[in-house]
Structures are given as structure tokens and as C-alpha cells.
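Only one structure is covered here, and it is reproduced in the block below.
The values are calculated or read from the model by the stated rules, or taken from the named source; none is laboratory data. Please read these numbers as outputs of a predicted model, since none were measured by experiment. All Cβ positions, even for glycine, are placed from backbone atoms using ideal geometry, and neighbour counts span all protein chains on display.
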Amino acid sequence: MSTSVGNGFLEPMPLVGPFPSGAPAIFIDQVARLGSEAGIISAVGDDDFGWLNIERLKRDGADVSAIAVLAEAPTGSAFVRYRADGARDFVFNIARSASGQIEMTDAARALIARAGHVHVMGSAFAIGGIGRVLSEAVASVKARGGTVSFDPNVRKELLAGQGEARARFEEILAVSDLLLPSGEELSVTAGIDEEKAAVQSLLSRGVKEVVLKRGAAGSSFYLQNDRGHCPAFKVEELDPTGAGDCFGATYVTCRRKGLSPASSLRYANAAGARTVTRQGPMEGVSTFAELDQFIEEHRLET
Ligand code: ATP
Ligand code: MG
């Protein structure tokens, strides 16, 4: 992460890092910090960036058995610099890194066999070999009566037309119990612009629960017979990276524990708000004790 504000990386500048990162890794780390059993299917290179991620996930209690360590590829990395208007410029090294080579392994199969729920990140569709992994994971978990959640954090350009990514996207959407879109992802997912109609369309297509992430405006949940909104906690945003992932991980974990949608949404809002106050994508993950304390401290301000 650049410590200076400006446009891109076209000259030398001070950087801070490396930070463990990646949307799926942030998500699973947050689930683990909440004390739930969770694992990730991924790949890193046999280098410090890879071990940094593995060690952090392991320390926080995540199952890292299905992270392949590849001898021939570097760990995926990203460099980010904020512009004056809050937008971000990235340099990505993902597609040709180890994470671009994620595939089904014996270790992944063993992890899937132990799972009662699978969470799919739309960003994964950018990886060529991911389709088989997702199909197998979803089929296996569903066959055991398990559930699927889906964060369609995917660029609409990637879904344009009728290509492989769109087909994959529709396949996961068709089996999703819980959907967690933010911003324009709702209309892209539903194929309908207007919010109410888009949500209704998804619920009538078999999605049981739609949760909308609204950044500093909070979040809302929609079930066939229930709905609710939770305003955002008031915090000073230092680094928005990871908010959606910590939010989603917390919501899914709370629902899996049997908490109500409203109570799950409050915890998720707290997790999202808490993480934007820390620099570094995975540095703001929370335990339940930290969330309870955060909610208590911000009670009067919401
Ligand atoms: P990402 O940018 O990581 O992809 P997202 O767009 O998926 O995130 P957001 O809506 O930005 O998701 O954030 C998720 C949740 O985190 C919000 O619904 C909100 O509850 C909380 N949150 C995010 N930003 C802020 C903020 N500035 N202040 C308070 N809460 C926030
Ligand atoms: Mg956002």
C-alpha cells in the first residue's frame, strides 16, 4: 500500500506492507476469528508472501490444508494507491501467479467433504480452472443438505455476453441460498435495474435471503416474509478495503450459528465498520468480544 496520495505508481514512492490479503482470504480469516471452523481452497508460491498469508490464516484458526504451495509460481500480489478523490489505482499480479492456477486437489476434496456450507466469491471467476472446483464443492455440500452463499463481487465487463464466466455465474446463482451484493452488483446479478424489483426477482428465483451492502449507508436484508435495515456505525474511514468481506463473513457466520437476520446484520455492520478504521485489508478482522465492545461503544451514535 502506498503511504502517499496520488495517481498510480509511475514514480518511486514509499510503500507499507506486505499485508496478507485477497477477498476470499479476508473472508475466511474473519470467519475463523469468530471462532467458527472454516477453510479456504487456494494456492500460493513458495515465497515469503505466500507464507505470510498461510501463517496469518493458521494463527487466526483457519484451516489452511487446502492451500497448495506451488514451486513454479509466485504468490499473487496487488499494489494499491489512493487518489485524492478516494478512488484507488491497482497494479495486480494475480492471473499469472499461483492463485491463477488454483485447481482441484486431494486436499481440497477432503476439505469440501467436511463442509456444511460453501461461500463463493464472484472474483474467483477470473481464474480459469475454478469452475470445476466450484461445481464439485457446491454439489457435494448441497447433497449433504448444506447451504451456499455468494458474493457476486464481479466486474460487469467480465459477465458481458454469454461467455464462460456468465455461465459459471448463473450456475452458482441458481443454487445460492444467500446473496451478498453491493452497489451495482445487485442489478447486474438480477438483470433488473430497479432495487425492489431486482430483490423480488432474486427471491422468486429461489434465493432465500438477499443482503445489500450499502457502504457508509449501512445494509439491508430481504427474505420472502421479512426485511430490515441497519444504519452504519459512525466511524472515521481510514481504509475501506476488506469491509465487504468482513461484513459478509460475519453475516454468514451469525446466520449459521442460528442468529436472526436483524441480529446478524448488526454484527456484520459492526465488523464492516470496524475494519475500515484499520489500515491493511485483513488487519481489521474482529472477534465476537471485539464486536460486542464496538457495538456497546457506538450505541449512542448510531
Ligand atoms: P468492498 O469495497 O470491500 O468490496 P463492499 O462494496 O462489498 O466492500 P461495503 O458496502 O463497502 O461493501 O461495506 C460493507 C459494510 O461495511 C457496509 O454495509 C457497512 O455496514 C460497513 N461499512 C463500510 N464502509 C463503512 C463506513 N465508511 N462507515 C461505517 N460502516 C461502513
Ligand atoms: Mg465498497
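Could you list all residues from region 172-207 that are away from ligand 2 (no atom under 16 Å from the Cβ) and not aliphatic (A, V, I, L, M)? Answer for region 172-207, where residues must be away from ligand 2 (no atom under 16 Å from the Cβ) and not aliphatic (A, V, I, L, M): 176, 177, 191, 193, 194, 195, 196, 200, 201, 204, 205, 206.
Applying the selection to region 114-139, what residues are more than 19 Å from the chain's Cα centre (by Cα) and closer than 22 Å to residue 257 by Cβ? Hit for region 114-139 is 114, nothing else. Just one of the listed residues (296, 290, 301) is in contact with a Lys or Arg (Cβ under 8 Å, 6 or more places away or on another chain), of a type outside the set (A, V, I, L, M, F, W, C), surrounded by fewer than 24 Cβ atoms within 10 Å (Cβ to Cβ) and modelled with pLDDT of 95 or more, namely 290.
Any idea which of 24, 20 is under 18 Å from the mean Cα position of the chain (by Cα) and part of a helix (DSSP H, G or I)? Show your work before the answer.
On the way: 20 fails: part of a helix (DSSP H, G or I).
So the residue among 24, 20 that is under 18 Å from the mean Cα position of the chain (by Cα) and part of a helix (DSSP H, G or I) is 24.
Taken over region 180-222, the residue count meeting the criterion of being surrounded by 15 or more Cβ atoms within 10 Å (Cβ to Cβ) and more than 12 Å from ligand 1 (Cβ to nearest atom) is 15. Within region 122-156, the set of residues being in a helix (DSSP H, G or I) and either in contact with a His (Cβ under 6 Å, 6 or more places away or on another chain) or among the aliphatic types (A, V, I, L, M) (or both) comprises 124, 126, 130, 133, 134, 137, 138, 139, 141, 143. Residue count for region 236-251 satisfying the condition of being surrounded by 24 or more Cβ atoms within 10 Å (Cβ to Cβ), away from ligand 2 (no atom under 14 Å from the Cβ) and not polar (S, T, N, Q): 2. Whether a residue is modelled with pLDDT of 95 or more, away from ligand 1 (no atom under 16 Å from the Cβ), buried (at least 16 other Cβ atoms within 10 Å of the Cβ) and among the aliphatic types (A, V, I, L, M) was assessed, and residue 28 does not pass this test.
The C-beta contact set for region 95-122 (first residue under 16 Å from residue 50 (Cβ atoms), second residue of a type in the set (A, V, I, L, M, F, W, C) and assigned to a strand (DSSP E or B), distance under 7 angstrom, 6+ apart or interchain) comprises 98/43; 98/44; 98/70; 99/43; 101/43; 101/70; 102/43; 105/68. In region 253-292, of all residues being free of Cβ contacts under 8 Å to residues at least 12 places away in the same chain and either of a type outside the set (Asp, Glu) or outside any helix (DSSP H, G or I) (or both), the one that is farthest from ligand 1 (Cβ to nearest atom) corresponds to 258. Annotation: of all residues in region 208-235 being part of a loop (DSSP other than H, G, I, E, B) and not small (Gly, Ala, Ser), the one that is farthest from ligand 2 (Cβ to nearest atom) is 225. Selection of region 137-159 for residues being at pLDDT 95 or above and out of contact with any Leu (no Cβ under 8 Å at 6 or more places or on another chain) yields 137, 138, 139, 140, 141, 142, 143, 144, 145, 146.
Within region 58-93, restricting attention to residues that are of a type in the set (Asp, Glu) and either at pLDDT 95 or above or assigned to a loop (DSSP other than H, G, I, E, B) (or both), which residue is farthest from residue 15 (Cα to Cα)? Going through the qualifying residues, I end up with 63.
Are any of the residues in region 293-302 of a type outside the set (Asp, Glu), in a loop (DSSP other than H, G, I, E, B) and within 16 Å of ligand 2 (Cβ to nearest atom)? For region 293-302, residues of a type outside the set (Asp, Glu), in a loop (DSSP other than H, G, I, E, B) and within 16 Å of ligand 2 (Cβ to nearest atom): absent. Selection of first residues in region 1-23 that are touching a residue at least 12 places away in the same chain (Cβ under 8 Å) and of second residues that are surrounded by 15 or more Cβ atoms within 10 Å (Cβ to Cβ) and of a type in the set (Lys, Arg), restricted to Cβ pairs under 7 Å at least 6 apart or on distinct chains, gives the following pairs, ordered by first then second residue: 2/81; 6/81; 8/81; 9/81; 20/56.
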